[in-house]
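The values are calculated or read from the model by the stated rules, or taken from the named source; none is laboratory data. The structure displayed is predicted, hence computed values, not measured ones. Don't worry about glycine lacking a Cβ; one is built from the backbone with ideal geometry, like all the others, and counts go over all protein chains shown. Please note that ligands, DNA and RNA were not included when accessible areas were found on the heavy atoms of the full protein model with its side chains. Shrake-Rupley method; radii C 1.70, N 1.55, O 1.52, S 1.80 Å.
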Amino acid sequence: RATMKSLRFISAEAFVSNAEFAKKSLGVVAHNLFPLLFKASYLLEQGDMIHDLVENWPHVDFNMGKLLGPTVDYQEDLSHRTCSVCLESCLTGLRDYVLNHSSPYMKILKVVDLTGIKDVEVQFCKCKKTMGRWTRTQLLSKLCLELLVYLQQEQCNPGTFKISIDVLIDLFVTERNYELVVQALLKKYCCPLKICCVAFRSDNLTLQKFFYIIKLTDPSLLRKLEIVHNVRLEMEHLEILFNSIHFPLLMSLTLPARTFNVRRFTATDEQMLTNIGEKMGEMTQLTELSMSFSILTGRIQKLLSPLKTPLKMLDVSNCSLNHADMAYLAHSFHANHLEALDLSGHDIPELYPSTFFKLLSHSSSVLRSLTLEDCNIQDTHVNMLILGLSPCQKLHEFKFIGNPLSSQALKHLFTFLCELPMLKNVEFPVPRDCYPIGITYPIDDASLCRFDHQKYESVAEELNLILLQANREDVKASTPLFGSYDAAVQETNNELGTSLIKSFKETLEKFSTSFNKMS
């Protein structure tokens, strides 16, 4: 559906469409029109115009999220358009802002905020080429270093060295861009463009490199820390991290798989876990925690009870939680504040049905996202599930792939889901009756795609018809067999794949060496 544009916005589009005329006229454009012209240029993917607007930016701040978000003149939010042409023009324009001595505008820019850019799966830009978080990290680091080289080589205006602009960005570092980012961070204080890391994601890095770069980012400013794939951080390393670095503003923490494994705990490990819980308790802003694929049986209370602030997001998928863990969660002060909850990989109907529904009941007034993948939810549990979900009137997202549900049960569930007024996204499983008889759950990767695709398409059509007949075209229903879209993984999957193959090869070599010694 087309979004209405004001006459001002239509005029702005006409102005920026004539690039040559606009470039000549920029010197006499009123300051308050720059944000309007920027959004119009972004919508039309006018790279040169974006560059020139940023190069001559007449304001104290430049906030991408606000500039591209809904405005009075044009309500559509463009912040999810990570158009490569637009973003590269924007960043090179920023570099040239520093170098341009002939700009008619006074240089008063102090803060550039790039954190409002959202990476999404479907892009609407015409060029169809996106610039993800990793590439933005790479390009900004490169431009900062180029700027320093230029300033050292050329006879620059003395005023250039007085320019100091904080560039707020969500950094994404892997082995491939590590050296470049390190150099940019080391030289941050000499550079007019100062990288200020607000969120940091690390994939595919050795622990030594991770510890080195995290100290360079200025952890006192960090709001979000994600240590995700192929960073071998275990509990003892996490304790060292928390003991050596303070994260006073940290709001969101994601830990890699297998950070904790209570099955091989000693008395020392128990103390270590207590220390980690206490350190997290000192992070008074922490409201989001993801610890998936760790083994935390019976230890959730020890980790979470020291927290002073209630969690709004908790991901404990595939963490082997027991009844005591679920009972703690259901009765803890976190329960009433949970907006996003992921309990995937737990046999909820078998292990703790009543405790889970108590947790759901306590969080129902605020819960926006619920993920129950591979939870052994069967046809006989659907009525109980509907009863539990009924109070969750603010639910935006419900993901439950990997559960052994029949087509009939899914239709029954979808009829209910139409009644949840805020629901926007549903991820449902391939119906059990589309798979061969005797299939066992959870389904292994090899068997995942071996279902009757024609029958599945027919059921999916019926489920979408249920939504359509209830006037719920606003709900997107899908079956992502291999998990939800992750922009970061999508952007770096080649590097990650190579690294995983290398790691697998090393493991096989070690196994082969050990086997030969035994022989």
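Taking the range 280-289 as the region of interest, how many residues are open to solvent by less than 10 Å² (accessible area, probe 1.4 Å) and either within 13 Å of L249 (Cβ to Cβ) or of a type outside the set (A, V, I, L, M) (or both)? Break it down into steps so the answer makes sense when it comes.
Step one: list which residues in the range 280-289 are open to solvent by less than 10 Å² (accessible area, probe 1.4 Å), which gives 280-281, 286, 289.
Then keep just the ones that are either within 13 Å of L249 (Cβ to Cβ) or of a type outside the set (A, V, I, L, M) (or both); that gives 281, 286.
Here the count works out to 2.
When the range 459-488 is examined, which residues are found to be in a helix (DSSP H, G or I) and surrounded by 14 or more Cβ atoms within 10 Å (Cβ to Cβ)? Show your work before the answer.
Of all residues in the range 459-488, those in a helix (DSSP H, G or I) come to 459-469, 487-488.
V459, A460, L463, N464, I466, L467, A487, A488 - these are the residues of the range 459-488 that are in a helix (DSSP H, G or I) and surrounded by 14 or more Cβ atoms within 10 Å (Cβ to Cβ).
Name the single residue that is nearest to D96 (Cα to Cα) among those in the range 172-206 being touching a strand residue (DSSP E or B) at 6+ places or on another chain (Cβ under 8 Å) and assigned to a loop (DSSP other than H, G, I, E, B). If you could, list the steps in order and put the result at the bottom.
Here is the first cut: in the range 172-206, the ones touching a strand residue (DSSP E or B) at 6+ places or on another chain (Cβ under 8 Å) are 172-174, 181, 184-185, 188, 192-203, 205.
Filter again for assigned to a loop (DSSP other than H, G, I, E, B), leaving 174, 192, 203, 205.
On the way: T174: 28, P192: 11, D203: 31, L205: 33 Å.
Once the filter is applied, the top-ranked residue is P192.
Please go through the range 14-41 and pick out each residue that is free of Cβ contacts under 8 Å to residues at least 24 places away in the same chain, assigned to a helix (DSSP H, G or I) and open to solvent by 40 Å² or more (accessible area, probe 1.4 Å).
Of the range 14-41, the ones free of Cβ contacts under 8 Å to residues at least 24 places away in the same chain are 14, 18, 20-21, 24-25, 28-30, 32-33.
Filter once more, so that each one left must be assigned to a helix (DSSP H, G or I): 14, 20-21, 24-25, 28, 32-33.
A14, E20, F21, K24, V28, N32, L33 - these are the residues of the range 14-41 that are free of Cβ contacts under 8 Å to residues at least 24 places away in the same chain, assigned to a helix (DSSP H, G or I) and open to solvent by 40 Å² or more (accessible area, probe 1.4 Å).
Could you tell me which of the residues N18, N100 is at pLDDT below 95, over 30 Å from A487 (Cα atoms), touching a helix residue (DSSP H, G or I) at 6+ places or on another chain (Cβ under 7 Å) and not hydrophobic (A, V, I, L, M, F, W, C)? Before the answer, list the steps.
Details: N18 fails: touching a helix residue (DSSP H, G or I) at 6+ places or on another chain (Cβ under 7 Å).
The match here is N100.
Which condition number in (1) within 23 Å of T254 (Cβ to Cβ); (2) surrounded by 16 or more Cβ atoms within 10 Å (Cβ to Cβ) is the one that T355 fails?
Going through the list (1) within 23 Å of T254 (Cβ to Cβ); (2) surrounded by 16 or more Cβ atoms within 10 Å (Cβ to Cβ), T355 breaks only (1).
Anything in the range 411-432 that is open to solvent by 30 Å² or more (accessible area, probe 1.4 Å), more than 23 Å from the chain's Cα centre (by Cα) and more than 22 Å from E350 (Cβ to Cβ)? List them, or say none.
K411, T415, E419, P421
Conditions: (1) exposed (fewer than 15 other Cβ atoms within 10 Å of the Cβ); (2) assigned to a loop (DSSP other than H, G, I, E, B). Q408 meets all but one. Number of the miss?
The one condition Q408 does not meet is (2).
Please identify the pairs in which a residue from the range 349-369 that is at pLDDT 95 or above and small (G, A, S) has its Cβ atom under 6 Å from the Cβ atom of a residue that is outside any loop (DSSP other than H, G, I, E, B) and buried (at least 17 other Cβ atoms within 10 Å of the Cβ), counting only partners at least 6 apart or on another chain.
The qualifying pairs are S363/A335; S369/A340; S369/E397.
Mind listing whichever residues of the range 290-316 are closer than 21 Å to R264 by Cβ, open to solvent by 10 Å² or more (accessible area, probe 1.4 Å) and in a loop (DSSP other than H, G, I, E, B)?
Within the range 290-316, the first condition is being closer than 21 Å to R264 by Cβ, and the residues that meet it are 291-303, 316.
Retained after the next criterion (residues that are open to solvent by 10 Å² or more (accessible area, probe 1.4 Å)): 292-293, 295, 297-299, 301-302.
Across the range 290-316, the qualifying residues are S292, F293, T297, G298, R299.
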